[in-house]
Amino acid sequence: MKKKGLMMLWVISSLFGLTVQSWAAKAYVTDSFEITLRTGPSNENKIIAMLFSGRPVDVIVTQGEWSHVKMLDGDKEGWVMTRYLITRMPWEAQARKLQEDLAGVNAKLTRVQKEFAEESQQRQELETELKRKNRELETLSKEFQELKKGAEGYMELKALHEAAEKKRTATQAELHRLISENENLRSSEQNRWFLTGALVLLCGLLIGGIVGRQQKKRKSLYS
């Protein structure tokens, strides 16, 4: 009797095992449905929670029309009808994800456009600054050329001034020499005229003396 009971239990277990399928995979609640999460594989079991469309679950085991699942965004486990589970993400969830991705892309695009605008403004400011620096460089270059020309003219003027100064010094020395010679000549001329005058005076005195003596002699003869 015990053997028959064990045999029947084994057969029932085997038949029951044929209806059990283990997914061990991620699944989603099907589109446009709100399904019940129950304590067991039957509509008679107590409802634990309501699962909205697109809710991700982890399928632990499948038994016929029912699957034992665990909520990925919570710690609740229970049974749901297998036909309400799909392996792909529901269209509504995909649409929401696409909208989120699009919003992220738009935000990134806005940020990139803002950065591009800022970089463009910075580039324009740099170009303006570069133009201003180029103008300053051109002005400095012109001033340098003018200073260079002025320096060259100054060097020429300096050379001419030094030459003129040397010539003036030489001329002044020559003038002093001529003045000295002139003074010497003038002194010599004065001395010569003085000596000549003295000689003439002396001659006059001598002649006067001689004439006076002759006249005295004549007077003495006539007397």
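A residue that is of a type outside the set (Gly, Ala, Ser), modelled with pLDDT of 85 or more and in a helix (DSSP H, G or I) occurs somewhere in the range 152-164.
Among the residues of the range 77-135, the ones that are of a type in the set (Asp, Glu) and over 32 Å from the mean Cα position of the chain (by Cα) come to 4 in all. From the list Arg55, Arg83, the lone residue that is exposed (fewer than 15 other Cβ atoms within 10 Å of the Cβ) and not polar (S, T, N, Q) is Arg83.
Each residue in the range 35-84 was checked for being assigned to a loop (DSSP other than H, G, I, E, B) and touching a Leu at 6+ places or on another chain (Cβ under 7 Å), and 1 pass.
The values are calculated or read from the model by the stated rules, or taken from the named source; none is laboratory data. All values derive from a computational prediction rather than experimental measurement. Because the Cβ atoms are built from the backbone with ideal geometry, glycine has one as well, and the counts that use them run over all protein chains shown.
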